Amino acid sequence: MGIAIRIRELKGGMSIPDFARLIGEDKPQRLQDVLAGRQKAPEDMLVRIVSVTKCDANWLLIGEGLAPEINSRQRALIENYEAADEAGRRLIEGTASLAAQPKAVKPARKKAA
């Protein structure tokens, strides 16, 4: 299995333009060419893919190691975060922190007799 196949696996159900935007690739056609085998994956693209997806670089380059377990919802969250301005990023971070807090357990109500 080659690099293009592993990139396709990381891309999952995302469109090529969406995945290109996620990894900071200005030219989706360049990603398309890599996936189609018309071009070798450029080093800068590989570095961004590893950085954004947090995949094991060994897995991406030579197929050894573990593929990341990130789903399309997580990818979309990352994409939205990257597209946001600084105030938006702070809002996303704050919301995520609040959502991750343990939920307080409410005491059980006593049944009416």
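Values quoted throughout were computed directly from the atomic coordinates according to the rules given, and no laboratory measurement underlies them. Since the structure is predicted, the reported quantities are computational estimates derived from the model, not experimental observations. So basically every Cβ, Gly included, is an ideal-geometry build from the backbone, and we count neighbours across all protein chains shown.
General remarks:
- Surrounding net charge for T53, when Lys and Arg each add one and Asp and Glu each subtract one, Cβ distance under 11 Å: +2
- Residues of type aspartates and glutamates that K27 reaches as a straight line, Cα spacing below 14 Å, ignoring anything fewer than 8 places off in the same chain: D18, D44
- Across all directions, the average flat footprint of the convex hull enclosing the Cα atoms of region 41-101 is 5.3 nm².
- Tilt relative to the chain, helix 43-53 - C-alpha long axis, 0 to 90 degrees, to 10: 20 degrees
- Here the contact order of the chain, divided by its residue count and restricted to Cα pairs under 8 Å and six or more residues apart, works out to 23 percent.
- GNM flexibility winner over the chain from R75, R38, R30 (Cα, springs under 10 Å): R38
- Computed about its Cα centre, the charge dipole of region 3-99 is approximately 240 debye, with only Lys, Arg, Asp and Glu carrying charge at their Cβ.
- Globularity ratio of the chain, using Cα Rg and 2.2 N^0.38 Å: 1.46
- Every Cα-Cα pair of region 1-65 was included, and the share exceeding 18 Å stands at 22 percent.
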